[in-house]
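Please read the structure below before turning to the comments.
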Amino acid sequence: MEFDIKAIRKDFPALNQNVYNKPLVYLDNAATTQKPQCVIDAITNYYSKQNSNIHRGTHYLSQQSTYAYEETRKNVALFLNADNEKEIIFTKGCTDSINLVASSFGKKFIKKGDEIIISALEHHSNIVPWQILRDDKNAVLKVIPITNNGEIDIYKLNDLITPATKIIAINHVSNSLGTINDIKKIIKIAHSYNIPVLIDGAQAIPHIPVNVKELDCDFYCFSGHKIYAPMGVGVLYAKEKWLEEMPPYQGGGEMIKNVTFDKTIYNELPFKFEAGTPNAGGVIALNEALKYVLNIGYDNIAKQENILLKTATEKLLQHDDIKIIGTPSLKTSIISFVINKMHHYDVGVILDHYGIAVRTGHHCTQPVMDYYNLPGTVRISFAFYNTLEEIDILMFAIDKVKQMLS
Ligand code: PMP
């Protein structure tokens with residue numbers, strides 16, 4: 001498909017509005033992405049025409065929505081190149097997916113003294129669930145350090161692995177620095193010791209095509225809302241062999257085959273892990289979001305986002321008093337920076353008054369901020385629908401910020 005930025009921007013109604021009488025410049029895509037009209041239409045269509053509880057419904061609407069829901073599962077399996085749709089579990093989001101694995105894998109496979117390895121570059125969502133498990137089981141949580149340029153120090157991984165290591169959980173892309181981690185190498189090292197690996201793909205999925213078979217990861221998690229789909233829906237990919245062995249995460253309707261007061265027989269995969277009424281409308285809209293992304297094409301996405309990343313980086317570096325935090329060799333379109341002596345929050349508030357949406361603070365990665373000895377940063381994060389003109393507006397506003405705060 002030809003990349004026509006004007007046409008693409010028209011697909012996203014939220015981009016075409018003013019805030020404080022200025023055109024919105026939305027540079028907070030790592031927090032959540034805006035939604036194309038096809039996704040909004042899918043939600044509207046679901047609630048105006050299809051709304052009904054899925055599975056086991058004898059009536060027309062239930063059959064329609066069940067079909068659309070299960071078609072999405074098939075398409076997500078194709079999107080990730082999973083072996084089959086039994087390996088795709090719908091969740092509330094990436095956080096929910098990680099909690100599912102920590103809880104369920106943990107219940108079955110982690111005992112006192114066992115070790116879990118994460119990295120110092122993780123989002124709190126890939127730290128806290130493992131801490132809860134550690135405390136529950138008297139296990140040990142080990143952390144791979146990062147290097148000064150904001151990369152996971154893979155060479156330290158071998159030193160951390162012991163016969164007690166039971167799982168490694170690592171992000172594909174860092175949400176605070178944009179680092180693309182060499183997860184293929186980490187998975188290879190882990191598998192040479194027979195250790196399974198969970199990948200937190202929240203920040204990778206909108207930028208990088210993911211092939212779980214090629215990666216050979218055991219678990220891959222992402223949220224719909226980071227890839228132009230609605231909030232409240234997420235995906236857990238897991239190798240079937242793990243899902244077969246893991247106990248259910250939650251009990252309730254849908255995840256059962258037969259219930260008596262003595263005993264419950266659990267449903268088959270993937271339903272064993274989907275207790276209760278799911279966000280069917282959100283799942284069906286996720287299907288539209290994935291189709292939209294594939295139609296634009298990851299090559300086009302990378303091309304546009306790399307131009308934006310390179311241009312903004314060069315322009316920011318023209319300022320002696322601006323420091324970019326994290327300079328990894330491979331990164332997605334995220335830039336974290338600090339302006340000398342200026343508090344990130346003040347910078348964000350002033351940028352907001354110029355219509356520019358950025359994120360400020362620790363970005364749910366307090367250990368990363370601790371490493372750099374910073375209370376927080378200003379983070380800009382581009383999507384393919386951002387433009388070079390928006391970078392000009394940002395640079396103009398940064399000059400104003402500096403005049404006002406210095
Ligand atoms: N991991 C990473 C790297 C993230 O950026 C995020 C979201 N900021 C999450 C996990 C959690 O995603 P969610 O809040 O959508 O569950």
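Values in this text are rule-based calculations from the coordinates and carry no lab data. As the structure is a computational prediction, the values presented were derived from the model and not from experiment. No Cβ is skipped: glycine too gets one built from the backbone with ideal geometry, and neighbour counts run over all protein chains shown.
May I have the count of lysine pairs in the range 229-286 with C-alpha atoms under 16 Å apart, counting pairs 8 or more residues apart or located on different chains? Don't jump to the answer; show the numbers that get you there.
Values: 239/272; 241/272; 257/272; 263/272.
The number of close lysine pairs in the range 229-286 is 4.
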(message) Using only DSSP helix segments of four residues or longer, with each worth -39500 (n - 2.57), what per-residue ellipticity at 222 nm results for the chain after dividing by its residue count and rounding to 500?
(response) -12000 deg cm²/dmol
(message) Let's test the formula: R0 of 22 Å, r as the Cβ-Cβ distance of residue 307 and residue 10. What FRET efficiency results, to the nearest 0.05?
(response) 0.65
(request) Let me have the relative contact order for the range 40-294, percent, based on Cα pairs under 8 Å that are six or more residues apart. (result) 24 percent
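Extension gain residue 63-residue 240, at 0.36 nm per residue separation less the Cα-Cα distance, in nm?
Net length gain for the segment: 61.1 nm.
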(request) Sort out for me the Cα centre separation of the range 196-243 from the range 384-406, rounded to whole Å. (result) 33 Å
(request) For residue 261 paired with residue 111, estimate the spin-label separation in nm (one decimal), with each label point 7 Å from Cα along the Cα-to-Cβ line. (result) 3.4 nm
(request) Select from 199, 322, 116 the residue whose mean-square fluctuation is largest in a Gaussian network model of the chain (Cα-Cα springs shorter than 10 Å). (result) 322
(request) Compare 163, 209, 13 in a GNM of the chain, Cα atoms joined below 10 Å, and give the one with the largest fluctuation. (result) 163
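Give the Kirkwood hydrodynamic radius (Å, one decimal) of the range 324-406, defined as one over the mean of 1/r across all pairs of different Cα atoms. Present the calculation step by step, with values, prior to reporting the outcome.
Working: mean 1/r = 0.0744 Å⁻¹.
Over the range 324-406, the inverse of the mean reciprocal pair distance is 13.4 Å.
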(request) Can you tell me what the convex hull of the Cα atoms of the chain projects to on average, as an area in nm²? (result) 21.1 nm²
(message) What is the angle, in °, between the Cα long axis of helix 388-405 and the longest principal axis of the Cα atoms in the chain? Nearest 10 is fine, range 0 to 90.
(response) 70 degrees
(message) Skipping prolines and chain starts, which residues have an amide H placed within reach, meaning under 5 Å, of the one on residue 256, given they are 5 or more residues away or on another chain?
(response) 267
(message) For the pair residue 164/residue 138, report the inter-label distance in nm, with labels modelled 7 Å from Cα in the Cβ direction.
(response) 1.1 nm
(message) Calculate the FRET efficiency for residue 52 and residue 340 from the Cβ-Cβ distance with a Förster distance of 51 Å, rounded to the nearest 0.05.
(response) 0.35
(message) Using only the alpha-carbon atoms, how far is helix 280-296 inclined from the longest principal axis of the chain? Give it as 0 to 90 degrees, nearest 10.
(response) 50 degrees
